[in-house]
Amino acid sequence: QLSLGELPGNGGFVADTTIGGSVQLGAQRHFCFRNTEFAKGVDYRAGSGSFVFVGAVGGPGASDDAGAGARASVVATAPLAAEKPYLLREGGAWYIAVPRLESGTRGRPEG
């Protein structure tokens, strides 16, 4: 379970993640989920901010009414996703790995 209700109202970003329990956003002001899978859904209606779900599985649908207290924007698939490059060490040598640009993704990527 991911419960952010007791934390100060700020915001955040979650990507390429599977959350097995329920998600309660509570007092969060702004939160963005990209290519995230929610096993037990998301309670975003109690918050007072805006929430963005891009390529999310198990989150709100595009036709859901966010209610008077919260707003949710839903994009069915992530049009483009560019992960950050990272350092990789193989056989004593260092390399910069540049992940490929992904398009039209939904849910947590393989691997």
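A few notes on this one:
- Sorted largest first, extent of segment 70-111 alpha carbons per principal axis (Å): 50, 21, 15
- Nonlocal amide H pairs with E37, under 5 Å, H built at 1.01 Å: T17, T18, I19, V57, R108
- Each peptide in 36-42, 55-61 receives the mean, over its residues, of other Cβ atoms within 10 Å, and ordering these scores from highest gives 55-61, 36-42.
- Positive contributions from Lys and Arg (+1) and negative ones from Asp and Glu (-1), summed over other residues with Cβ under 9 Å from the Cβ of G49, come out at +2.
All of the numbers you see were taken from the coordinates with simple rules; none came from a lab. As the structure is a prediction and not an experimental result, all values here were calculated from the model. Glycine also receives a Cβ, built like all others from the backbone with ideal geometry; neighbour counts cover every protein chain displayed.
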